[in-house]
Amino acid sequence: MKWINITEGDQVKELIAQSNEKAVIIFKHSPRCHISKFALRNFEASFTNPTDVACYLVDVVNNRLESMEVKEALQVQHESPQLLIVSGGKAVYNTSHESIDGADTDKLLLRL
């Protein structure tokens, strides 16, 4: 799976603008958390990306400011692990922890 790492605040604004043309995914991940590692691994194993969306990954430990910028820009509660689908400049789907599922994400993207 090809992830685009969010390491600068400008990327958050850019991906939100990009979502006006095509949905994007943001995965907020903590490399220190076993639950987050498990959720990321399971997501990668089951997500086929049927609509070829850009997939962004933000490390909530090493890129905390960018993680908080995602939270504020999209008006979502911060969680980790957390999966967001952004479309039309807003979070249209938000889930976390064991509820993150690649197959469900595939189905949601096909309906956008």
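Which of the residues spanning the range 59-74 are more than 12 Å from Glu8 (Cβ to Cβ), over 14 Å from the mean Cα position of the chain (by Cα) and touching a residue at least 12 places away in the same chain (Cβ under 8 Å)?
Val61, Asn62
Of the residues Ala91, Ala17, only one is surrounded by fewer than 17 Cβ atoms within 10 Å (Cβ to Cβ) and either out of contact with any Lys or Arg (no Cβ under 7 Å at 6 or more places or on another chain) or outside any strand (DSSP E or B) (or both); which?
Just a single option satisfies the conditions, and that option is Ala17.
Being among the charged types (D, E, K, R) and buried (at least 20 other Cβ atoms within 10 Å of the Cβ) is the requirement here; does Glu66 meet it?
It is true that Glu66 is among the charged types (D, E, K, R) and buried (at least 20 other Cβ atoms within 10 Å of the Cβ).
Which pairs do you get when a residue that is free of Cβ contacts under 8 Å to residues at least 12 places away in the same chain, found in the range 83-109, comes within reach of a residue that is assigned to a loop (DSSP other than H, G, I, E, B) and crowded, with 19+ Cβ neighbours inside 10 Å, reach meaning Cβ atoms under 7 angstrom, with the pair 6+ apart or on two chains?
Here the result reads none, with nothing in the range 83-109 linked to a residue that is assigned to a loop (DSSP other than H, G, I, E, B) and crowded, with 19+ Cβ neighbours inside 10 Å.
Among (1) aliphatic (A, V, I, L, M); (2) in a strand (DSSP E or B); (3) touching a Leu at 6+ places or on another chain (Cβ under 9 Å), there is one condition Leu40 misses while meeting the rest; what is its number?
(2)
Bear in mind these aren't lab numbers, they're just calculated from the coordinates by the rules spelled out. In this text the structure is predicted, and so the values were computed from the model without any measurement. Reconstructed Cβ throughout: ideal geometry from the backbone, glycine too, with neighbour counts over all protein chains shown.
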